[in-house]
Each structure stands twice: as structure tokens, then as C-alpha cells.
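Peer 1: Before I ask anything, let me first share the structure, which is written out below as C-alpha cells.
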Amino acid sequence: MRLRREQVISTALRLLGEVGLDALTMRRLGQELNVQAPTLYWHVKNKQELLDAMAEAMLADCVARAPEGLTWMDRAANMAERLRRALLAHRDGARVFAGTYVTQENTLRFADTWVGALREAGLSPRAAAWGTWTMVYYTIGFTLEEQALAPLPGTEGGKVDPEHLRAALARGVYPHLGEASTHLLDADLDARFRYGIQLIVAGLEAAPHP
């Protein structure tokens, strides 16, 4: 059966979930597809091109229109939520996405909708572009941390023990952290993420837009 590029990408995403980004090599992918290197490199010339294609595929479900009746602020926040969900749907998804520079349909349509939400709010082209970048950077960074601290597939418990932080703060040496300890240890990552996005959007609304 003739190998298709779509098959290469879907297999790479499946392998990503099984072995993680560090173990996802071109050689391992070729073995999984039962093809030699020349056949694989006909579809993706190197690992960076593979990662770009995987990032593009991750956004396939992000390009749908936002629900009607949302304010521009809610629409912009909705775009960030979609991106986070797309990255969380794949093991090491944020690591795959970070550093890619994709100029394909899903990515361009998603970005166009995001910038458009800010332009419709009256932001200048520069403010809309840079505001979108700011929200993307925040989303990638937040999700990188979220996935880095999550338990690996097949294991229990995360990589951080909150009791260590509680014990350190109980000594009273760090009074401001002690005051905020309940919130530092709050495990509601959805609420934390939304709070950060709301800060960015509020800043965009208040800032001058040259």
C-alpha cells in the first residue's frame, strides 16, 4: 500500500502519545511505518518538518467558528482555550508546538480568526498581531509547565509534592508566600489559566493601540 503523508503524520502523533517527544525519532517512525528512510524523507525531509506537520494537525479542531454572541474579549479568550485544549490532547503537545513556524491552512485560519477578534475590537493591526502573539506565548508557556508536571502515562501522581512547599512555608521565613500559599497550591489549572488570559485581554483593552 502506498504511503501517504497523512499516514506519516497520524502515526507520528500516535507514537508521540506512546513514547513521548524525546523518543520520537525519524528512525523509530520509519520502523513503525515499515518503510526505509528514503520513503519517509520523501514525505517529511527532517524532524523539524515532521514537528511542523504535527503542530498543524493538532489545530484541526481549532478552526471552527466561535459561538455567536460573544464579546471580542470572550472570543479572544476562547481562542486561547482552544489552543490549550489542542495541546493538552497530545502528550508533549506544547513541546511539539513550541518553536514551530507553520504556514499551512489550519494554523493560518486559526491565527486569522484570533487577530480578527482583536481587530474588531478596534485594535490597530500591530496591537492585534502583538496581542495575539502575547496570548499564544502565554498559552504555550502555561501548557508546557502543565504537561511537564503531569504524571507520565501509566504512572500515578504528579512530579511535584505540595507538602514540600507547605513545609518550607510553615517556617515563616517567607511571609508573603505564606500569605498566598493557599493560592500557590491551588490545583485548579483551568481557573489559573483563565485568570492569566483575562489579565492579558484587560491589558489589551486598556493599552494604547498605535
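Peer 1: Within the range 115-140, can you find the residues that are open to solvent by 30 Å² or more (accessible area, probe 1.4 Å), touching a residue at least 12 places away in the same chain (Cβ under 8 Å) and not hydrophobic (A, V, I, L, M, F, W, C)? Give the derivation first.
Peer 2: Filtering the range 115-140 down to residues open to solvent by 30 Å² or more (accessible area, probe 1.4 Å) leaves 115, 119-122, 125-126, 129-130, 133-134, 137-138.
When the remaining residues are screened for being touching a residue at least 12 places away in the same chain (Cβ under 8 Å), the result is 115, 120-122, 126, 129, 134, 138.
Passing the criteria: Glu120, Gly122, Arg126, Thr134, Tyr138.
Peer 1: From the set of residues in the range 178-205 that are over 26 Å from the mean Cα position of the chain (by Cα) and open to solvent by 80 Å² or more (accessible area, probe 1.4 Å), which is modelled with the lowest pLDDT?
Peer 2: That would be Thr182.
The values are calculated or read from the model by the stated rules, or taken from the named source; none is laboratory data. In this text, all values refer to a predicted model and were calculated from it rather than measured experimentally. Here Cβ is always computed from backbone atoms with ideal geometry, including for glycine, and neighbour counts include all displayed protein chains. Quick note on the areas: whole protein, heavy atoms, side chains included, nothing else; ligands and nucleic acids left out. Shrake-Rupley method; radii C 1.70, N 1.55, O 1.52, S 1.80 Å.
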